[in-house]
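Worksheet: the structure to be examined is printed underneath.
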Amino acid sequence: MKRGFILLFVFGFAILFAQTAANLTEFKENIANQKVEAKDALKPYRFDGSKITYFNFKTYKQTKEVEIYLFNNTDYRFSFNGKSLPNDVTVEIYDKDKTQSNRILLKSFSGIQGENIVVESSELNDTYKNKKSNATRLKRVFVNYQIPGIPGAQNKTPTMKERAAVVLVMGYKN
Amino acid sequence: MKRRFLLVNSMIGLAFLAGSCGGEEPVDEVNEIVQDTVFAEDQFAALFEESPEVDYHLPSPLQVASIFKKSGLDYNAGSTNLTDNADNYTDKLKQKLNFGVYSADMAYCVMNDQSNEGRKFLTVITDLSEEIGMEAVFENKDLMDRFDANLEDKDSIEILMIDIHERTEMYLEDNDMQNEAAIHFAGAWTEGMYLGVYDFEKNPGKEGVGAQITEQMSILNNIIKGLKDPKNDGTDLGWLILDMEEIQAAFDEFDSVIAFEADENASELELTDEEYSSLGELVKALREKIIAV
């Protein structure tokens, strides 16, 4: 009898765990496809790597930052895929990291949920030079994902409703 | 936490109920179930793991080689690590570091139209990948076949190198091994810098190469940060981190760097000959340690 209860419980937990794991496996498989889509959008630029930023929506705002290097006047493309976003986020690109109060906002956009959006470094460089006198070129950029708070989100025990990722693929002109 | 609390309490309740129905050793079984549940909860939480608040992207060895090439770097035969050394790297750290070193060497050869040399490095990288548990990246020999079929076509070889980089990236991510990328990259960065320093010393006056050596220094802090990832604990990385921190500290104390950082309007950093020489010596010393058998 006792073993029956224990088995019942373990079985129930295993089902819950397996269901969540299966959902997350599907989530990861989707990300792999989104990475391919983002990579295709880079062409004819050369793929240089990707950075997938995973997060869970919470009831409060969050910021995730990714630093990217720009070398030797090379032209770069950044392909953002937001097809694993259950809610929209705002993408902001700066010349300095978020601890710097004098940083310059180079570009900001939202509406990435369900979309693939490409940004070129030449556009960022132009804005940089317009906003900062004597500036010649960007040597790095800082991508900030501004993640809004979602009322009712499960902060401590997230579910698939809160699970999110932005796929960022980088490429350079050969 | 709330879910864990509910689960643990429910199980304790169930176990006591079960115990009252004539079972044996209820306390041990409760403890066992609680432990199992805590373990399962940890696994559950890991499924929803989030990226760090601050992250970075490091350039591929091919991009670094491409940038150096565009900056005027020439091919110098004999400057790369000897492929014969590979068999003598028996500890995992050396194997991972030199996986990065040989990746940079391969990119250097390919960018400089030395495909036959590049092929030797692909063989070594393939062998090392087996030693460090990444053989799946190179399985089926299709990469080598493609390399052989395109020896004379630089563009195709470059695309093949991109494929290798992408497969490696995907493999590390799928197997939760991204922390190891910093170790590979530490080897690749050191070799890339060494090849730049080697050319710069042989052909002084190449301003483009000098500027690129300086520019590549901007990555170092993030490599060190990556090496310090707690998931790398247990790997004997102390000496490597110390050497890299020494290079970073020396660079930060150069007068040219201090002046550059202080001038909000400064656009390009240029080191003095002495500073280049000092940086070069530190890079060479680190590279020597990394490739030593």
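Give B:94/B:284; A:58/A:83; B:70/B:92; A:43/B:154; A:83/A:161; A:39/B:225 a once-over and call out the pairs whose C-alpha atoms are over 24 Å from each other.
Over 24 Å Cα-Cα: B:70/B:92; A:39/B:225.
Please report, in whole Å³, the volume per residue of the convex hull around the C-alpha atoms of the stretch B:61-291.
Normalising the Cα hull of the stretch B:61-291 by residue number yields 123 Å³.
Given just the C-alpha atoms of the protein assembly as shown, how large is their convex hull per residue in cubic angstrom?
Convex hull of Cα atoms, per residue: 165 Å³.
In degrees from 0 to 90, rounded to the nearest 10, what is the angle of the helix A:121-131 Cα long axis to the longest principal axis of chain A?
In chain A, helix A:121-131 runs at an angle near 60 degrees to the longest axis.
What average number of partner chain Cβ atoms lie no more than 10 Å from the Cβ of the residues making up B:69-77?
Taking all residues of B:69-77 together, the mean is 1.
So what's the net charge close to residue B:94: Lys and Arg +1, Asp and Glu -1, counting the other residues with Cβ under 14 Å from its Cβ?
-4
Counting helices only, and only those DSSP H runs with n ≥ 4, report the 222 nm mean residue ellipticity of chain A as the sum of -39,500 (n - 2.57) divided by its residues, in deg cm²/dmol to the nearest 500.
Rounded to the nearest 500, the figure is -10000 deg cm²/dmol.
Using Cβ counts within 10 Å as a stand-in for footprinting exposure, how do A:90, A:99 rank, fewest first?
Ordered from fewest to most neighbouring Cβ atoms within 10 Å, A:90, A:99 come out as A:99, A:90.
In deg cm²/dmol, rounded to 500, what helix-only [θ] at 222 nm does chain B give when every DSSP H run of at least 4 residues adds -39500 (n - 2.57) and the total is split over its residues?
Estimated from H runs of four or more residues: -22500 deg cm²/dmol.
Tell me, rounded to the nearest percent, the portion of alpha carbon pairs in the stretch A:96-174 spaced more than 20 Å apart.
Above the 20 Å cut-off, the stretch A:96-174 has 49 percent of its Cα pairs.
So what are the stretch A:1-90's ellipsoid semi-axes, whole angstrom, largest first, if each one is the square root of 5 times an eigenvalue of the alpha-carbon gyration tensor?
Over the Cα atoms of the stretch A:1-90, the semi-axes work out to 41, 16, 11 Å.
Of all GluC sites (Glu not before Pro) in the stretch B:99-173, which ones are in loop regions per DSSP and have a Cβ with at most 11 other Cβ atoms within 10 Å?
Here the GluC sites (Glu not before Pro) that fit, given the DSSP loop and packing criteria, are B:152.
With everything on Cα atoms, drop me the angle between helix A:2-40 and the longest principal axis of chain A, reported from 0 to 90° to the nearest 10.
With both axes taken from Cα atoms, the answer is about 20 degrees.
DSSP loop (so not H, G, I, E, B), at most 16 other Cβ within 10 Å: list which GluC sites (Glu not before Pro) in the stretch B:180-277 pass both filters.
Hits after loop and neighbour filter: B:253, B:264, B:268, B:270.
Assuming 0.890 mPa s and 25 °C, estimate D for the stretch B:200-251 with Stokes-Einstein, Rh taken as the Kirkwood radius over Cα pairs, in µm²/s.
194 µm²/s
Apply the membrane-span-like helix rule to chain B: whole DSSP H runs, Cα extent along the own long axis of at least 15 Å, mean Kyte-Doolittle hydropathy at least -1.0. List the helices found.
Helix filter hits for chain B: B:2-20, B:26-47, B:92-111, B:115-131, B:154-174, B:178-202, B:238-252, B:273-291.
Along the three principal axes, how long is chain A when you take its alpha carbons, biggest first, rounded to the nearest angstrom?
Principal-axis extents of the Cα atoms in chain A, largest first: 80, 35, 23 Å.
Starting from the Cα-Cα distance between residue B:253 and residue B:167, subtract it from 0.36 nm times their residue separation and give me the gain in nm to one decimal.
27.1 nm
Rounded to the nearest 0.05, what FRET efficiency is calculated for residue A:101 and residue B:268 with R0 set to 25 Å and r the Cβ-Cβ distance?
Rounded to the nearest 0.05, the efficiency is 0.50.
Just want the ordering: A:145, B:56, from fewest to most Cβ atoms lying within 10 Å of their own Cβ.
The most exposed by this proxy come first: B:56, A:145.
Of all DSSP beta bridges located in the protein assembly as shown, what percent are antiparallel, nearest 5?
Just about 90 percent of them are antiparallel.
Throughout, read-outs are computed from the coordinates displayed, never taken from laboratory work. The shown structure was predicted, so the numbers you read here are calculated from the model rather than taken from an experiment. All Cβ positions, even for glycine, are placed from backbone atoms using ideal geometry, and neighbour counts span all protein chains on display.
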